[in-house]
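The values are calculated or read from the model by the stated rules, or taken from the named source; none is laboratory data. It should be emphasised that the depicted structure is a prediction, and the values quoted were computed from it without experimental measurement. Note: ideal-geometry Cβ built from the backbone for every residue, glycine included; neighbour counts use all protein chains shown.
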Amino acid sequence: MWAIRDVLEKYPQRCTNVGIYEDAMFSIAAGMARRGLVPIIFGIQPYLIERTLEQIKMDLAYQKLGINVIGTGAAVDYSKYGYSHYCAEDVGVIKMIPGVQFVAPGSAKQFLKLFNDSYRNGETTFFRVSDHPNTNYDPDVEFGKASVIKKGTKATIVVVSILLDSVMEACKDLDVTILYYTTLEPFDYETLAKNSPSNKILICEPHFEGSLLYDIHKGLPDRFLMIKHVAFPREIFRNYGSYSEKVNYYKLTSQNIREQAQFLIEAKS
């Protein structure tokens, strides 16, 4: 646990390394929460979510415990370690467990704000931290709320977390609305409904395609929607390469975002 070695040294009575035993780590944290503490768990996404799914369901969600889980290595951040260290399904998995919150900040500043807003709210909350944050756009955010970055009329871009830089570059001169989401559960339906003047939606999400599709339909009921995606495809990633090579291969790029946005703008409703 080199990433928190300084914390382990500074707070030996408040921090411990459980080791590669994530399911037990969740159960330990559940016991602490039952005694009134507010535990924080740190690890990498696939082991925190896929290895411990039963503990998340029974120890945390079922008992309605206030525990914070901070996961690094989102999607393909650990590109060189192969499929065992990938977790593009994290958002979809957690959002299917009722009562569990999911936060995906796009920068260190946003993480601190969202964490401080929510860590004592009595809910189980997952924080998806990426090694590739936005560097050009870092708007103020609020837990549970989407940010309206830009208003337009021809289409609505729903962008999540670290894809904001790419979306802003792609759409800077397009007549579109851009809604920036860092809290994915609970989902802000109100902002979506108030800022979707067209029925054309482009979802840009740095995880599996379709992870927010249910929320888009729920937030815009009784509409005939035209929806496009820029996201990782729902497949097993068997290719190798750097993070940037994977992003380019799966087309999570400004060029593809612009192409999809222009397609929606030009398409007949």
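Numbers below:
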{"item": "Residue ID - surrounded by the most Cβ atoms within 10 Å (Cβ to Cβ), chosen from residues in the range 90-109 that are out of contact with any Ser or Thr (no Cβ under 9 Å at 6 or more places or on another chain) and assigned to a loop (DSSP other than H, G, I, E, B)", "result": "Met96"}
{"item": "Of all residues making up the range 215-269, the number that are farther than 30 Å from Ser84 by Cβ, out of contact with any Asp or Glu (no Cβ under 9 Å at 6 or more places or on another chain) and β-branched (Val, Ile, Thr)", "result": "2"}
{"item": "Matching residues, the range 53-64, being more than 16 Å from Arg128 (Cα to Cα) and either crowded, with 21+ Cβ neighbours inside 10 Å or in contact with a Leu (Cβ under 6 Å, 6 or more places away or on another chain) (or both)", "result": "Asp59, Leu60"}
{"item": "Of residues in the range 3-26 being in a helix (DSSP H, G or I) and either under 24 Å from the mean Cα position of the chain (by Cα) or of a type in the set (Lys, Arg) (or both), the one surrounded by the most Cβ atoms within 10 Å (Cβ to Cβ)", "result": "Phe26"}
{"item": "Residues located in the range 129-158, provided they are of a type in the set (A, V, I, L, M, F, W, C) and either in a strand (DSSP E or B) or in contact with a Pro (Cβ under 6 Å, 6 or more places away or on another chain) (or both)", "result": "Val148, Ile149, Ala155, Ile157, Val158"}
{"item": "Any hit, the range 36-43, residues being crowded, with 20+ Cβ neighbours inside 10 Å and either in a loop (DSSP other than H, G, I, E, B) or assigned by TED's automatic domain parsing to the domain that holds Met168 (or both)", "result": "no"}
{"item": "Test set (1) more than 13 Å from the chain's Cα centre (by Cα); (2) surrounded by fewer than 18 Cβ atoms within 10 Å (Cβ to Cβ) - Ile67 fails condition number", "result": "(2)"}
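Okay, residues lined up against (1) in contact with a Gly (Cβ under 7 Å, 6 or more places away or on another chain); (2) outside any loop (DSSP other than H, G, I, E, B); (3) hydrophobic (A, V, I, L, M, F, W, C); (4) assigned by TED's automatic domain parsing to the domain that holds Glu89:
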{"position": "Val167", "(1), (2), (3), (4)": "no, yes, yes, no"}
{"position": "Ala170", "(1), (2), (3), (4)": "no, yes, yes, no"}
{"position": "Glu190", "(1), (2), (3), (4)": "no, yes, no, no"}
{"position": "Arg223", "(1), (2), (3), (4)": "no, no, no, no"}
{"position": "Lys228", "(1), (2), (3), (4)": "no, yes, no, no"}
{"position": "Ala231", "(1), (2), (3), (4)": "no, yes, yes, no"}
